[in-house]
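S.K.: Would you mind keeping the following structure in view while I ask a few things?
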Amino acid sequence: MRHAVLALSLLATPAVAGVEEAITDHALSATDRFAEAAGALAETAGNDCTAEALRPAWNDAFDAWLGLAHLRFGPLETGSRALSIAFWPDPRGMIPRTVSGIVADADPIVETPEGFAEVSIAARGLFAMERLLYAEDLSAYAAGDYACTLAWAQAQDLARMGNAIAEDWEAFAETIRTAGEAGNDTFLSEREPRQAFYTALTTGMSFVIDQRLGRPLGSFDDPRPDRAEARLSGRALRNVTLSVEALRDLARALAPGEIPQTDAAFARALTTAGRIDAGDFSGVSDPRQRIVVEALQQQLVEARENAANEIGVPLGVSAGFNASDGD
Amino acid sequence: MPTRRGFLTSLLAASTLPALSWADAGSPAYLGAAKGASGRFSLIGLGADASRRFAVPLPGRGHAAAAHPSAPEAVAFARRPGTFALVIDCAAGHVAHRLEAPEGRHFYGHGAFVAGGTILCTTENDMGSGAGRIGLWSRPDGYRRIGEVATHGIGPHDLLRLSGDVLAVANGGIRTHPDTGREKLNLDTMAPSLSYLTPEGELLDQVTLDPELHKNSIRHLAAAADGTVAFAMQWQGEAMAPVPLLGLHRRGSAPRLLAADDGEQIAMQGYAGSVAISWDGARVGITSPRGGRLHVFGRADGACTILRRPDICGLAPSADGFTATDGMGGVLRVTDRLAPLAADPGTAWDNHLIAIG
């Protein structure tokens, strides 16, 4: 118990932090966790690919994904992996259309991993799998049905990408550690990894603010609960909470010193998230519940501003010069 | 108002002065605007090896520059909706002229020389009507405003001089007004086009895309020796759309759109910042600083090479491919991979890299 208390206090107030901590404590542990969870999903699918059997392992894999989903540089960007794992938002309805189409055609491409890796990204990953596992018109499939093979293929594909990301991150960590050294064509100075992690932090926060919360919130006159993430499985709020926890952990790992304002804003946001009743954000249409979701969004905006002051400024990094300009 | 006699005298004076060339400014291969470590902005001349040949301070953040074809002179434009442009004497290292947009006009940030370098053309907004204009300025007459012609579209951004002094103009299609900054006022009805004009204002040709791509703003241009124009686009429609961001057009034929696979297109975030065609005309590249990507397409087969670099934006042809710049101080040699030519973390290179000559 004493050890646990000591470990917790160390986590809350890291004596030394920075890029190495962001690599070791954050990125590598998150990529390992996802590889493990996606592997478990594939193993489950090998035994029983029906929806009911797969749902718990799918949820575990989704949980693990949220620990690294914001690391949108390096291995997650190779071969469109991040989008292939989590294709959302989907304003054009590409996923329902593609998944239904593949099932209707009973496309044999699902039978080999090589073939499946070539299918549309809208038929791959957690959200395409969510349709098979939760959509009323699809999820009642039986063990011998085509949909079962498709779910199995999706699980195998996720496991393959999870392993590849974890393996690539081991090598990528060394690329980060040798930033600025001769022969390193990826990170041309020691500052660039700081910039990359910081951009991942702020972009990740913006994604929660603008997409995960902003899309279902819509406007007061036109709330859009139907646009919530993972609407079918009802895990929109859980995704927000786990993302915010992961982003907070990245902020702590990366920060060169104490970040009391950022920590406080994250804590307020997580408390607020705990007060939201409907896990699928259906409450955004009810003014009394909506106000809580709006408060959460505002607290995350504050956390992002605080992180800019407490992390961006001391690290000497800010949002991309050209990326944030646009012309 | 200068007299005709005065105008001719100045023309004569210009032609009898010993003509300086880009060699007098250190023979730069490229021009780029940048923010330095001190936070100040400058226009910088770069050699093909990324060495710095000159640097002239700018009063604020720049957008693009237009290089004179022979004299060591560059016109640097403020970011839109700027109302001034600076003519920089790159040999002497100072501002030689300041161009003020006429009443009711503002610059969009790009310009090009025609008529053997004697006339500067600038893309402009007629704020009252929103109609695109090309402003014409006489260099031998101290960059006096001598007229303007219509671009036959809204929101002209980049423009290029093609052989025969034909102007290619990217009408982005987006109406803005300085009163509302960069707010886009007409997204539902926007109709971008690529116009081919004479400096006298004759519309020679105009290209538009299919109606479902009407929200794809045609913004930046590059030309190949055979007259093919590459146009880079910025998507104003819904996010996560795997729309093409690059097109090729040759007068007399239909435009050809180039795209990578859906995942890569979506990763570009609907935004191409710069476009360039390699000297041999075989490859065409676009950058996305938001997506941290450079896509290089083979013109023959349309195959895409994907290169990744955060905040990459400036792109220009080089001897063996392209040279690219980014917001983190990198100047990169682009072949089938990216290799650093220079890395200066204190410098943030702005949107465009302009090849001289």
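S.K.: Any idea which residue in the range A:280-327 is farthest from A:ASP226 (Cα to Cα), counting only those that are of a type in the set (Ser, Thr, Tyr) and away from chain B (no Cβ under 14 Å)?
M.R.: Of the range A:280-327, the ones of a type in the set (Ser, Thr, Tyr) are A:282, A:285, A:318, A:324.
Right, trim to away from chain B (no Cβ under 14 Å) and you get A:282, A:285.
Values: A:SER282: 8, A:SER285: 10 Å.
Applying the filter and picking the extreme gives A:SER285.
S.K.: I want to confirm something. Restricting to the range B:222-240 and keeping residues that are at negative phi and within 14 Å of chain A (Cβ to nearest Cβ), which single residue is surrounded by the fewest Cβ atoms within 10 Å (Cβ to Cβ)? Step through it out loud before you land on a result.
M.R.: Residues of the range B:222-240 at negative phi: B:222-226, B:228-239.
When the remaining residues are screened for being within 14 Å of chain A (Cβ to nearest Cβ), the result is B:232-239.
Values: B:ALA232: 27, B:MET233: 27, B:GLN234: 25, B:TRP235: 21, B:GLN236: 19, B:GLY237: 15, B:GLU238: 12, B:ALA239: 15.
Residue satisfying both the conditions and the ranking: B:GLU238.
S.K.: On to the next question. Considering only residues of the range A:89-122 that are within 11 Å of chain B (Cβ to nearest Cβ), in a helix (DSSP H, G or I) and not β-branched (Val, Ile, Thr), which is nearest to B:GLY237 (Cα to Cα)?
M.R.: A:MET94
S.K.: Restricting attention to the range A:126-143, does a residue exist that is in contact with a helix residue (DSSP H, G or I) (Cβ under 6 Å, 6 or more places away or on another chain) and within 14 Å of another protein chain (Cβ to nearest Cβ)?
M.R.: Residues of the range A:126-143 in contact with a helix residue (DSSP H, G or I) (Cβ under 6 Å, 6 or more places away or on another chain): A:126-129, A:131-133, A:138-139, A:141.
Now restrict to residues that are within 14 Å of another protein chain (Cβ to nearest Cβ): A:127-128.
Yes, the range A:126-143 contains at least one residue that is in contact with a helix residue (DSSP H, G or I) (Cβ under 6 Å, 6 or more places away or on another chain) and within 14 Å of another protein chain (Cβ to nearest Cβ).
S.K.: To continue, here is another question. A:ALA196: modelled with pLDDT of 95 or more and assigned by TED's automatic domain parsing to the domain that holds A:SER100, yes or no? Steps first, please.
M.R.: Values: modelled with pLDDT of 95 or more: yes; assigned by TED's automatic domain parsing to the domain that holds A:SER100: no.
Taking the combined requirement at face value, the residue does not satisfy it.
S.K.: Here's something else I'd like to know. Is there a residue in the range A:266-277 that is under 24 Å from A:ALA22 (Cβ atoms) and polar (S, T, N, Q)?
M.R.: Keep residues of the range A:266-277 that are under 24 Å from A:ALA22 (Cβ atoms), which gives A:266-270, A:273.
From what's left, polar (S, T, N, Q): none.
Checked the range A:266-277: no residue is under 24 Å from A:ALA22 (Cβ atoms) and polar (S, T, N, Q).
S.K.: Just the residues that are more than 20 Å from B:LEU257 (Cα to Cα), buried (at least 20 other Cβ atoms within 10 Å of the Cβ) and in contact (Cβ under 8 Å) with a residue 60 or more places away in the chain, please, taken from the range B:163-195.
M.R.: Of everything in the range B:163-195, those that are more than 20 Å from B:LEU257 (Cα to Cα), buried (at least 20 other Cβ atoms within 10 Å of the Cβ) and in contact (Cβ under 8 Å) with a residue 60 or more places away in the chain turn out to be B:ILE174, B:THR176.
S.K.: Please enumerate the residues belonging to the range A:173-206 that are surrounded by fewer than 22 Cβ atoms within 10 Å (Cβ to Cβ), out of contact with any Lys or Arg (no Cβ under 9 Å at 6 or more places or on another chain) and outside any loop (DSSP other than H, G, I, E, B).
M.R.: A:ALA173, A:GLU174, A:THR175, A:ARG177, A:ARG191
S.K.: Can you work out which of the residues in the range B:243-287 that are in a strand (DSSP E or B) and within 11 Å of chain A (Cβ to nearest Cβ) is surrounded by the fewest Cβ atoms within 10 Å (Cβ to Cβ)?
M.R.: Here is the first cut: in the range B:243-287, the residues in a strand (DSSP E or B) are B:246-249, B:256-258, B:271, B:274-277, B:283-287.
If we keep only those that are within 11 Å of chain A (Cβ to nearest Cβ) as well, we get B:271, B:274, B:287.
Working: B:TYR271: 23, B:SER274: 29, B:THR287: 36.
Once the filter is applied, the top-ranked residue is B:TYR271.
S.K.: From the list B:SER138, B:SER163, which one is at pLDDT 95 or above and more than 18 Å from B:GLY357 (Cβ to Cβ)? Give the steps one after another, and end with the answer.
M.R.: Values: B:SER163 fails: more than 18 Å from B:GLY357 (Cβ to Cβ).
Exactly one residue qualifies, and that residue is B:SER138.
S.K.: Can you name the residue in the range B:315-353 that is crowded, with 21+ Cβ neighbours inside 10 Å, within 22 Å of B:TRP22 (Cα to Cα) and of a type in the set (A, V, I, L, M, F, W, C) and is also nearest to the other protein chains (Cβ to nearest Cβ) among such residues?
M.R.: Filtering the range B:315-353 for residues that are crowded, with 21+ Cβ neighbours inside 10 Å, within 22 Å of B:TRP22 (Cα to Cα) and of a type in the set (A, V, I, L, M, F, W, C), the one nearest to the other protein chains (Cβ to nearest Cβ) comes out as B:TRP349.
S.K.: Can A:ALA40 be described as hydrophobic (A, V, I, L, M, F, W, C) and in contact (Cβ under 8 Å) with a residue 40 or more places away in the chain? Write out each step before concluding.
M.R.: Numbers: hydrophobic (A, V, I, L, M, F, W, C): yes; in contact (Cβ under 8 Å) with a residue 40 or more places away in the chain: no.
For A:ALA40, the condition - hydrophobic (A, V, I, L, M, F, W, C) and in contact (Cβ under 8 Å) with a residue 40 or more places away in the chain - is not met.
S.K.: Output the residue which, of all residues in the range A:67-86 that are facing chain B (nearest Cβ under 8 Å) and of a type outside the set (Gly, Ala, Ser), is farthest from B:ARG290 (Cα to Cα).
M.R.: A:LEU83
The values are calculated or read from the model by the stated rules, or taken from the named source; none is laboratory data. Here the structure is a predicted model, which is why all the values come from computation and not from measurement. All Cβ positions, glycine included, derive from the backbone under ideal geometry; neighbour counts span all protein chains shown.
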